Amino acid sequence: MKYNFDLPVNRRGTYSLKWDVPENELPMWVADMDFETAPEIREAIMRRASHGIFGYTAVPEEWYWAIGSWWQERYHFCMEKDWVIFCTGVVPAISSIVRKMTDVGEKIVLLTPVYNIFFNSIVNNGRYVIESALRYENGGYSIDLPDLEEKLADPQATMMIFCNPHNPIGKIWDRDTLEKVGELCEKYHVLVVSDEIHCDLTDPGREYLPFASVSESCRNNSITCIAPTKTFNLAGLQTAAVVVPDGSLRHKVWRGLNTDEVAEPNVFAVTAAIAAWEKGAPWLEELRAYLFENKCAAAKFIQTQIPEVSLVRSEATYLLWLDCRKVTENDKKLAGFLRAETGLYLCAGSEYGKAGRGFLRMNIACTREVLEEGLTQLKRGIRILDRQEGGFKKSDFLK
């Protein structure tokens, strides 16, 4: 391999949100990677930094060309330049869109378990969450379409925040499913906001479909949020894009992003994004292979060493969704116990909605050595619980 993903990088002392934890803890929670970004991106940033002046920055033609070429070549989705708006991040975009495109007191539909910050973007803006729980059967997830239709039919439901690939379960939604979601949302006049930030991080041989690409109704009734940040580990540079094919919707979104002052790039945001989309493909292909090997190693370890924990099948992202319900359904207590007893810091599943109760989320975008350490700590924590008198499920710990 040209790129060394086994290279350990010490992130402590760098103001890292992920690694700003006690020395004895191993953080495998928030979704950023422990790999250096592609050298082609680092070189572009250093060239820009060497200029020495960091003033207000415009969005150049090259940025539009780079993002359009990337989605055309990889996903056969043709974006027109006018459809695309720069934004400082997917979460700021979603929060702004919620404020601009819905009214206080209206309801927004989520397919749960789903990225926990969606809840914040809704509730913090005075709107209400409607959860449509995904079906979990035989180790995999699907959309409960009758339940989703019931939720969308609520007259107060005016928006659905969609996630493709779906965080935290790693599901890539197929064309038929996307079409059905699009048809239901059109039928009930519900606007779709599709978070597709994980789209590049699919397993080798797997490809995602942009929601807006599958039908005319999906294209005209959707707002798509994308970014190079998850793909290339650039979250701290605050660079993203919002794609809105429909002109009327686009004008409103553009006004909202500008009113909220989240439509202007910092001095490195555009430079890094252009370098990523123009030169980052070889690095990405090796990354995907490495992440898939991590996923396979984790699956084997869990199956053979921690059989009471089940790994949910996934096709994308570097996040493992762990079914721990044979251990306990109190995922928050389990996550707290693991952190206190072993130092392993994971996300509790109930953060992602009621349907996440009894699950944990684990970030495996790390070196193989760190992955093995994390899995060993997970096993050790479960074994400590096994040895407790009366068993974990019967202990006062659950109360």
Among the residues listed as E329, E351, E341, the single one being over 30 Å from E285 (Cβ atoms) and without any contact (Cβ under 8 Å) to a residue 40 or more places away in the chain: E329
Number of the condition not met by T202 [criteria: (1) crowded, with 23+ Cβ neighbours inside 10 Å; (2) under 13 Å from the mean Cα position of the chain (by Cα); (3) touching a residue at least 60 places away in the same chain (Cβ under 8 Å); (4) closer than 20 Å to G68 by Cα]: (1)
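Among the candidates E73, E43, E80, E62, single out the residue that is of a type outside the set (A, V, I, L, M, F, W, C), surrounded by 13 or more Cβ atoms within 10 Å (Cβ to Cβ) and either touching a residue at least 40 places away in the same chain (Cβ under 8 Å) or over 19 Å from S194 (Cα atoms) (or both).
None of the other options fit; the residue is E62.
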Residue check for R48: of a type in the set (D, E, K, R), touching a Ser or Thr at 6+ places or on another chain (Cβ under 9 Å) and in a helix (DSSP H, G or I): yes
Selection count where residues are assigned to a helix (DSSP H, G or I) and either modelled with pLDDT under 95 or buried (at least 16 other Cβ atoms within 10 Å of the Cβ) (or both), scope region 255-277: 11
Residue in region 166-181 that is in a loop (DSSP other than H, G, I, E, B), within 28 Å of D203 (Cα to Cα), in contact (Cβ under 8 Å) with a residue 12 or more places away in the chain and open to solvent by 60 Å² or more (accessible area, probe 1.4 Å) present: yes
Every pair of residues 6+ apart whose Cβ atoms lie under 6 Å, when the first sits in region 90-108 and is of a type in the set (S, T, Y) while the second is open to solvent by less than 20 Å² (accessible area, probe 1.4 Å) and assigned to a helix (DSSP H, G or I): S95/S121; S96/G256; S96/L257
Per-region count, region 87-105, residues within 22 Å of the chain's Cα centre (by Cα) and either assigned to a helix (DSSP H, G or I) or of a type outside the set (V, I, T) (or both): 12
Candidate set from region 205-229 (those that are without any contact (Cβ under 8 Å) to a residue 60 or more places away in the chain and open to solvent by 40 Å² or more (accessible area, probe 1.4 Å)); member that is nearest to V30 (Cα to Cα): G205
Residue, nearest to A289 (Cα to Cα), within region 301-319, restricted to residues that are part of a helix (DSSP H, G or I) and open to solvent by 40 Å² or more (accessible area, probe 1.4 Å): F301
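The values are calculated or read from the model by the stated rules, or taken from the named source; none is laboratory data. What you see is a predicted model; the values in this text were computed from it and never measured. Note that each Cβ is placed from the backbone with ideal geometry, even for glycine, and that neighbours are counted across all protein chains shown. The protein model used for the area step is the full one, side chains on, heavy atoms only, and it has no ligands, DNA or RNA in it. Shrake-Rupley method; radii C 1.70, N 1.55, O 1.52, S 1.80 Å.
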